[in-house]
Amino acid sequence: MTPSLIPTMTPTMTPMMTTTMKLLPLAGLLAMGLARAATPTLPAAPLAMPQLRISDQAVSADQQAYRLLQERIKKLNDGGVRVGDYYLSKAQCWLDVSFHEYTRNDRSAFPLQALQESAKIVAALEDGSTPNPGDATPLVNDATRLRDDLWAGFGKLRASPGFACAAQKVACGEVELAHAGNEYKQQGWRHANPYVQLAEDAQAAAQSAAASCPADQPKRVTPPDILPPRIEHERITLDMDALFRFDKAGAADVLPQGIEKIRDLAARLKQGYVQIDTLSVTGHTDRLGSDSYNQALSERRALTVKQLLREQGIANVISAYGKGKAEPVAACEKVAPGAALIACLQPNRRVEIELTGIKSSAKEGGAP
C-alpha cells in the first residue's frame, strides 16, 4: 500500500521529505483513534496508538491529521507569514520529521510528540499568542542531547544581526538535532548520523546566510488588527445509554431520545461553527465483558453516530474510532457485581465528539 499522504508539503520541505513516502505494514497502532494529545493549545488531531495502527481506516485518519496540519501551515503562508519565518519553518520541520518517522513505522512516541510540537507552534501563530512555543526545541520522546557545539552555534545565530536571513536553516537544524537524539537513543549512532549531518549542513548554510544578510532586513510584524480567527478545540460527551438500546450498536438500535440528541448536536455544530477543520467520534464501553467484544462494540457505535451526523447534514470529514474499555472515567472497584455495578459504570459508556474549527462569534468579530 503506497498512499499519497501529502502530495505537496508547502510552503517548504526538508531533505528527509524527499524520501520514499511508503507506509510500512503496521502490526499494531498510534486511537483517538489517533491517541489523544491532551494539550490545551493543540487543535490538530493527533495520531493513533501504534498497537492499533492495523487498518486502512486508522492509517487514513492519521494521514488526514497530517494533511489538515499541513493545510493550516499553508494558510498562514497565504496570509503573509514568510516561508523563511523561524516559527513557520520550525512548525514545518517538526511536521516533516514526524511524518518521516511515521512512514518508517516508528512505534515510539516520537511521531506523535513531534506532530504536537508543530501543532502548538501553528496554534500560536494563528491566534498571535506570545511567547511562541517554537522558541524552545524540546528533546521529544526523551531524546539524547547530541552535539552541544551545534546547539550553541544555533543559539548564537538566533542572537545575530543576520538571523532574519538564516531563520529557516536554524529552525530546521534545531529540529534535526532533536530528531538525531531520538534516533541515537532508540537505535544508536549509525541511525543518528544522517540527521546530525543534516544539522551540520543547516548550520553551515545558516552561518553563510547570516553573514551576507542586509543590515536593514525587516522583521516580521503582524498587525494586531489582522490576526486570524482563533481556532477552537471542543470536546462533547454523550451518554451511550441514552443513545443506544442495551448492548446494541446499529442505526436501528438508536433510542428515540438518542435520535433527538444527535439532531441537537448537529444543529449546535452547524449554528456554532462557521468552519470545522477536524471532527472525530470515539466510542467507549465499561469494563464488563472481554476486551475484543468491547472494542468491537465501541467501534460499531462510533460508526453509527458518524452515520447519523452525516444524515443530519454534517458534511465534514468525520473520523470514527472505538477505544473499548481502555479509558474508563469511573473505576467502581468496591462495588459488588450486579445492578449497582452496572449503574456505577455508566459514565464509562459514552461517545466523545472532538472538533476543531472557527466559532461563529470569532468569525464575526466577537469575543474569543
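The values are calculated or read from the model by the stated rules, or taken from the named source; none is laboratory data. Worth saying up front: this structure is predicted, and the values here are computed from it rather than measured. In this analysis, Cβ positions are derived from the backbone assuming ideal geometry, glycine residues included, and neighbour counts consider all displayed protein chains. Surface areas here come from the heavy atoms of the whole protein model, side chains and all, with no ligands, DNA or RNA. Shrake-Rupley method; radii C 1.70, N 1.55, O 1.52, S 1.80 Å.
Mind checking the dipole of region 160-302: about its Cα centre, +1 per Lys or Arg Cβ, -1 per Asp or Glu Cβ, Debye to the nearest 20? Let's see the in-between values first.
On the way: 16 positive and 19 negative charges, 39 e Å.
For this selection, approximately 180 debye.
Please give the Cα centre distance for region 296-354 versus region 243-284, rounded to the nearest Å.
11 Å
Sorted by average packing, counted as other Cβ atoms within 10 angstrom per residue and highest first, what order do 273-283, 253-263 take? List each step's numbers first, then the result.
Values: 273-283: 22.7, 253-263: 15.6.
So the peptides 273-283, 253-263, ranked by packing, come out 273-283, 253-263.
With θ set to phi - 60° and the Karplus curve 6.51 cos²θ - 1.76 cosθ + 1.60, what are the ³J(HN,Hα) couplings of region 75-81 in order, to the nearest whole Hz, using x for Gly and Pro?
4, 4, 5, 4, x, x, 6
Using θ = phi - 60° and the Karplus form 6.51 cos²θ - 1.76 cosθ + 1.60, what ³J(HN,Hα) does each residue of region 150-158 get, whole Hz, x for Gly and Pro?
Listing the rounded values in order: 6, 4, 5, x, 5, x, 5, 5, 5 Hz.
In terms of solvent-accessible area of protein heavy atoms at a 1.4 angstrom probe, what is the ranking of 288, 345, highest value first?
Working: 288 70, 345 0 Å².
Accessible-area ranking of 288, 345, largest first: 288, 345.
Given contacts defined as C-alpha pairs under 8 Å and at least six residues apart, what's the relative contact order of region 77-224, whole-number percent? Kindly include the intermediate steps, with their values, before the conclusion.
On the way: 204 pairs, mean separation 37.6, N = 148.
Relative contact order for region 77-224 comes out at 25 percent.
Residue 242 to residue 135: extension gain in nm, 0.36 nm per residue of separation minus the Cα-Cα distance? Provide the component values of the computation, followed by the final result.
On the way: separation 107, 0.36 × 107 = 38.52 nm, distance 4.62 nm.
Net length gain for the segment: 33.9 nm.
Apply the Karplus parameterisation 6.51 cos²θ - 1.76 cosθ + 1.60, with θ equal to phi minus 60°, to every residue of region 256-268 and state each ³J(HN,Hα) to the nearest whole Hz, in sequence, with x for glycine and proline.
x, 5, x, 4, 5, 5, 5, 4, 4, 5, 4, 5, 4
Counting only residues 5 or more places away or on other chains, whose amide H sits under 5 Å from the amide H of residue 273 once H atoms are built in the peptide plane?
For residue 273, whose amide H was placed from the backbone, the distant partners under 5 Å are 360.
Ignoring ligands, DNA and RNA, how do 189, 94 rank by accessible area with a 1.4 Å probe, largest first?
The ranking, largest first, comes out as 189, 94.
For residue 318, what residues show an amide H to amide H distance below 5 Å, using hydrogens built from the backbone and excluding near sequence neighbours?
The list, which skips near neighbours in sequence, is empty: none.
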